[in-house]
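This report refers to the structure that appears directly beneath it.
The values are calculated or read from the model by the stated rules, or taken from the named source; none is laboratory data. Just so you know, these numbers come straight off a predicted model, no measurement behind them. Cβ placement follows ideal geometry from the backbone for every residue including glycine, while neighbour counts extend to all protein chains displayed.
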Amino acid sequence: MQRVHPALVPLALAVGLLACAAPAAPAPAAAPSPAGAAASGAPPAAAAAPTSAPTARPAPVTLKVGDLRINSSAGTYIALERGYFAEQGITLDFEPFTTGGEQIPALANGQLDIGVGAVSAALYNAVGRGVPIKLVVDQGRHVPGRTATAFVVRTDLWDSGAIREPADLRGRPVGISSTASTPEILVDRALQRGGLTILLIEHDMPFVMGLCNERYVFDFGSLIAQGKPAEIRAKPVVLDAYLGSEAFAAFIKTDNERISKVLKDVGLVK
């Protein structure tokens with residue numbers, strides 16, 4: 001079965017409306033009465049009722065569509081299965097992606113005509129840089145009592161009662177479909193209800209030092225330090241394990257500049 005993005009539904013409707021609004025060919029003029037009939041005063045023969053030309057079908061078009069293969073696309077998958085797009089002369093060429101952010105470069109350089117994905121830092125960055133992207137229609141909403149996102153728990157953990165509330169996730173790995181986007185925000189909000197937060201695992205020291213309030217430093221799987229940035233930088237065990245004293249001293253000289261650049265690159269500061 002082929003699949004389609006919901007943003008194509010308005011497009012299909014628009015094409016259909018344009019086709020219906022196209023002017024019909026003018027009806028053929030009635031043949032003039034023969035001169036003999038007019039001279040004799042005989043009534044002219046009844047003229048045939050004019051017939052309008054059939055509405056022209058829209059020109060066939062092929063659209064490249066980014067496809068995340070998720071349940072919220074069900075509406076347009078059904079539309080495709082029922083032939084609504086074929087009726088409008090639309091052929092869909094699907095390109096699989098794992099996140100909406102991955103589609104932004106393809107949309108920017110014309111490799112995709114239509115994309116789908118959550119609101120994300122990649123989308124905001126593209127708009128901020130003048131990339132010609134238009135938001136056409138929403139595929140899923142998050143409103144009180146209804147959401148297009150679900151939290152999935154491993155069967156054995158649910159059946160055993162080990163996980164029932166956000167607080168039960170303490171110390172457990174949690175998978176997120178995409179980062180720097182609304183799914184990550186939703187996960188963070190859920191964890192906050194249980195008094196938890198997200199643990200970022202990253203080896204880019206300037207990035208971590210400039211972003212996180214609390215740092216945990218591991219060496220071969222063992223926790224060797226915990227604390228604020230200034231505290232972490234002053235711990236000899238961290239210097240010996242990761243940088244060595246001389247290398248760390250050189251790092252400190254350019255630390256602020258590197259942190260500022262990293263944060264600007266990811267769009268966290270101007």
- [ ] Name the single residue, out of those in the stretch 151-210 being more than 26 Å from the chain's Cα centre (by Cα) and among the β-branched types (Val, Ile, Thr), that is surrounded by the most Cβ atoms within 10 Å (Cβ to Cβ).
- [x] Val208
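Got a sec? Which of Arg129, Arg172, Arg189, Arg154 is under 16 Å from Gly101 (Cβ atoms) and among the basic types (Lys, Arg)? Break it down stepwise before answering.
Details: Arg172 fails: under 16 Å from Gly101 (Cβ atoms); Arg189 fails: under 16 Å from Gly101 (Cβ atoms); Arg154 fails: under 16 Å from Gly101 (Cβ atoms).
Arg129 is the lone residue from the list that is under 16 Å from Gly101 (Cβ atoms) and among the basic types (Lys, Arg).
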TODO: Mind listing whichever residues of the stretch 189-210 are of a type in the set (A, V, I, L, M), in contact with a helix residue (DSSP H, G or I) (Cβ under 7 Å, 6 or more places away or on another chain) and farther than 16 Å from Arg172 by Cα?
DONE: Met209
Task: Residue satisfying condition, being outside the structural domain of Leu239 (by TED's automatic domain parsing), more than 22 Å from Ala118 (Cα to Cα) and either free of Cβ contacts under 8 Å to residues at least 24 places away in the same chain or out of contact with any Gly (no Cβ under 6 Å at 6 or more places or on another chain) (or both), within set Leu200, Leu169, Leu186 - done: Leu169
Task: Check on Arg154, modelled with pLDDT of 85 or more and under 30 Å from Gly75 (Cα atoms) - done: yes
Open item on the list: For the structure I just gave you, tell me whether Ala225 is touching a helix residue (DSSP H, G or I) at 6+ places or on another chain (Cβ under 6 Å), farther than 18 Å from Ala121 by Cα, of a type in the set (A, V, I, L, M) and touching a residue at least 60 places away in the same chain (Cβ under 8 Å).
Closed with: no
Open item on the list: Checking the condition under 17 Å from Ile70 (Cα atoms) and at pLDDT 85 or above, which residue from Gly195, Gly175 passes?
Closed with: Gly175
